[in-house]
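Student: Okay, handing you the structure first.
The values are calculated or read from the model by the stated rules, or taken from the named source; none is laboratory data. None of the values given here were measured: they were computed from a predicted structure. Ideal geometry is used to build each Cβ from the backbone, glycine not excepted, and the neighbour counts take in all protein chains shown. These accessible areas exclude ligands, DNA and RNA; they are computed on the full protein's heavy atoms, side chains included. Shrake-Rupley method; radii C 1.70, N 1.55, O 1.52, S 1.80 Å.
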Amino acid sequence: MSSTLSEITDELAALVAAAEEEVGAVVDAKALEAWRVKYLGKKARLSVLSREMGSLGADERPAAGKVLNEAKARVQALFDAKKAELEKQPGAAAEAPAIDTTLPGRRPRAGDVHPITKVYYEVRDFYLRLGFGIWYGPEAEDDFHNFGALNFPEDHPSRDEQDTFYLNDGLLLRTHTSPVQIRAMKAVEPPLRIIVPGRCFRSDAPDATHYPVFHQVEGLYVDKAVSLAELKGTLEAMGVYLFGPGTEMRFRPHFFPFTEPSAEVDFTCPRCGGEVCGVCHDGWVEVLGAGMVDPAVFENVGYDPEAWVGYAFGVGIERLAMIKYGITDIRYFYENDLRFIKQFK
Ligand code: PHE
């Protein structure tokens with residue numbers, strides 16, 4: 001190294017001045033990087049001078065080292081200040097390597113189908129295969145559709161406020177899906193073959209088998225020659241479809257104002273196969289009400305009761321799900337505890 005201490009001192013002063021001036025024009029990370037390479041990189045003059053220090057005379061070396069270190073420190077300080085300034089600018093984060101792309105990803109939480117929906121889908125698919133359509137109706141009903149047109153006498157206990165939630169304006173929360181039978185029959189001419197899924201409401205105190213909200217699937221089939229035997233055959237096939245081969249069915253005579261004759265329908269318990277378990281009481285499980293459409297109902301909707309016959313049924317979806325999955329408390333369905341809901345894949 002041929003330079004003397006005073007030459008080095010002068011050169012470094014000029015270098016720092018140039019660096020200072022140029023850093024003023026730096027406006028983004030790319031320009032800053034070019035500036036850094038030029039003044040602090042391996043081939044920068046400062047680095048070259050550092051490496052050449054050794055060739056200086058022993059008397060000059062300590063003093064030269066000191067000016068060099070001071071110059072380096074000043075240039076480094078210029079860099080640090082500019083870097084900090086750029087990082088404060090909006091949008092700077094996008095350029096900064098803030099994301100560690102080598103970290104394993106976080107799996108998004110996928111939703112699951114609620115067991116009530118799952119069982120409804122099974123019932124729906126069974127009836128779609130038989131050629132039924134799907135009809136929907138409102139949850140807020142009037143007395144005519146929920147009761148009157150279904151042939152409930154004025155003083156029937158089901159109209160009692162203990163069972164029915166009454167709303168304002170003469171409306172109530174439907175206590176079953178049967179009012180949609182009325183709506184469908186008033187809307188279209190027979191023949192008619194539909195299921196009606198939906199939420200129903202009864203003012204019951206919640207316990208292991210009652211909840212003020214529950215789900216039904218209504219069925220209605222009206223044509224020229226619909227028979228009770230056909231109803232039994234269809235429901236029996238549904239039992240096998242839902243609960244598996246070997247499932248048996250029994251009709252127990254019952255009363256509904258809108259069907260005659262009427263029955264409550266039981267299947268053999270698919271969980272214990274005839275023994276007594278937590279789900280059934282005597283090897284049988286009750287899952288639906290059914291019957292032949294009462295001619296008075298046809299009259300209420302303007303169908304000729306001499307020309308048309310029909311059957312109807314209403315299945316409780318919670319009941320089906322409890323039997324199918326061995327759930328002994330209906331309240332689990334409504335607690336939205338993911339540990340419960342995720343079990344029914
Ligand atoms: N609606 C009746 C109930 O909720 C069930 C039912 C529907 C019965 C259709 C007969 C025919 O209990």
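Student: Take F165, project a point 7 Å from its Cα along the Cβ direction, then tell me which residues of the range 204-220 have their backbone nitrogen under 16 Å from it.
Tutor: Answer for the range 204-220: 204-207, 210-216.
Student: Can you compute the modelled spin-label distance between E85 and L103, with each label point 7 Å from Cα toward Cβ, in nm?
Tutor: Output for this residue pair reads 3.2 nm.
Student: Could you pull out the pairs from K118/K224; K66/K88; K42/K83 whose alpha carbons sit more than 23 Å apart here? Before the final figure, lay out each step's value.
Tutor: Values: K118/K224 34 Å; K66/K88 33 Å; K42/K83 19 Å.
Too far apart for the 23 Å limit: K118/K224; K66/K88.
Student: Something else: May I ask you to give the average projected area over all directions of the convex hull of the Cα atoms of the range 158-248, in nm² rounded to one decimal?
Tutor: Numbers: hull surface 33.4 nm².
It is 8.3 nm².
Student: Would you mind checking which residues have amide H under 5 Å from H254's amide H? H placed 1.01 Å from N; only 5 or more apart, or other chain.
Tutor: Under 5 Å from the amide H of H254 lie the amide H atoms of S262, A263, E264, each far enough along the sequence or on another chain.
Student: Another question, if that's okay. So if I take the alpha carbon set of the range 5-95, get Rg, then get Rh from the Kirkwood formula, what is the Rg over Rh ratio? The partial results should precede the final answer.
Tutor: Numbers: Rg = 15.1 Å, Rh = 14.1 Å.
In the range 5-95, Rg relative to Rh is 1.07.
Student: Over the residues of the chain, compute the C-alpha Rg and express it relative to 2.2 N^0.38 Å.
Tutor: Values: Rg = 41.0 Å, N = 345, 2.2 N^0.38 = 20.3 Å.
So the Cα radius of gyration is 2.03 times the expected 2.2 N^0.38 Å.
Student: Moving to a separate point now. With respect to the cross-link table entries K43/K82; K30/K72; K232/K342, which display a Cα-Cα separation exceeding 32 Å? All intermediate terms of the calculation are to be shown ahead of the outcome.
Tutor: On the way: K43/K82 21 Å; K30/K72 21 Å; K232/K342 35 Å.
Violating the 32 Å limit, Cα to Cα: K232/K342.
Student: Mind listing the long-range amide H neighbours of W284? Cut-off is under 5 Å, sequence gap 5 or more, other chains count too, H placed in the peptide plane at 1.01 Å from N.
Tutor: Under 5 Å from the amide H of W284: C269.
Student: Continuing with this model, one more query. Quick check: at a probe of 1.4 Å, how many percent of the accessible area of the chain sits on carbon and sulfur atoms? Kindly include the intermediate steps, with their values, before the conclusion.
Tutor: Working: 9950 of 18810 Å².
Heavy-atom surface of the chain belonging to carbon and sulfur, 1.4 Å probe: 53 percent.
Student: Still on this structure, I have one more. For labels at D204 and E335 in the simple 7 Å Cα→Cβ model, what's the distance in nm?
Tutor: 1.8
Student: Rounded to whole Hz and in sequence order, give me ³J(HN,Hα) for the range 104-118 from the Karplus expression 6.51 cos²θ - 1.76 cosθ + 1.60, θ = phi - 60°, writing x for Gly and Pro.
Tutor: Each residue's phi maps through the Karplus curve to give x, x, 9, 6, x, 7, 8, x, 10, 7, 4, x, 5, 5, 4 Hz.
Student: Another question, if that's okay. Could you give the angle, 0 to 90 degrees to the nearest 10, between helix 5-23's Cα long axis and the longest principal axis of the Cα atoms of the chain?
Tutor: It works out to around 30 degrees.
Student: Taking C-beta distances below 4.7 angstrom as the pairing criterion, name the unpartnered cysteines of the chain, in sequence order.
Tutor: Those would be C200, since no other cysteine Cβ in the chain comes under 4.7 Å of theirs.
Student: Which FRET efficiency value, to the nearest 0.05, is calculated for A31 and A63 with the Förster distance at 30 angstrom and r the Cβ-Cβ distance? Write out the running numbers ahead of the final one.
Tutor: On the way: r = 35 Å, r/R0 = 1.15.
After rounding, the FRET efficiency stands at 0.30.
Student: Please find the FRET efficiency linking W284 to E122, where r is the Cβ-Cβ separation and R0 is fixed at 30 Å, and quote it to the nearest 0.05.
Tutor: On the way: r = 20 Å, r/R0 = 0.68.
Approximately 0.90, to the nearest 0.05.
Student: Helix 29-40 sits at what angle to the longest principal axis of the chain, using alpha carbons and giving 0 to 90 degrees rounded to 10?
Tutor: 30
Student: Relative to the longest principal axis of the C-alpha atoms of the chain, give the angle of the C-alpha long axis of helix 228-243, reported between 0 and 90° and rounded to the nearest 10°.
Tutor: The answer is roughly 30 degrees.
Student: Suppose every Lys and Arg Cβ carries +1 and every Asp and Glu Cβ carries -1, with no other charges. What dipole size does the range 117-344 come out with about its Cα centre, to the nearest 20 debye? Intermediate values should be presented prior to the final figure.
Tutor: Values: 20 positive and 34 negative charges, 208 e Å.
About 1000 debye.
Student: Enter the accessible area per residue of the range 117-344 (Å², integer; probe 1.4 Å; all protein chains in place).
Tutor: Accessible area per residue, the range 117-344: 47 Å².
Student: Here's another thing I want to ask about it. I need the phi-derived Karplus couplings for the range 278-291: 6.51 cos²θ - 1.76 cosθ + 1.60, θ = phi - 60°, integer Hz, Gly and Pro marked x.
Tutor: In residue order, the calculated couplings are x, 8, 10, 10, 9, x, 10, 10, 8, 10, 7, x, 7, x Hz.
Student: Return a whole-number percent for the relative contact order of the chain, with Cα pairs under 8 Å and 6 or more residues apart as the contact set. Provide the component values of the computation, followed by the final result.
Tutor: Working: 511 pairs, mean separation 49.6, N = 345.
So the answer I get is 14 percent.
Student: When all protein chains stay in place, what accessible area (Å², nearest 10, 1.4 Å probe) is found for S55?
Tutor: 60
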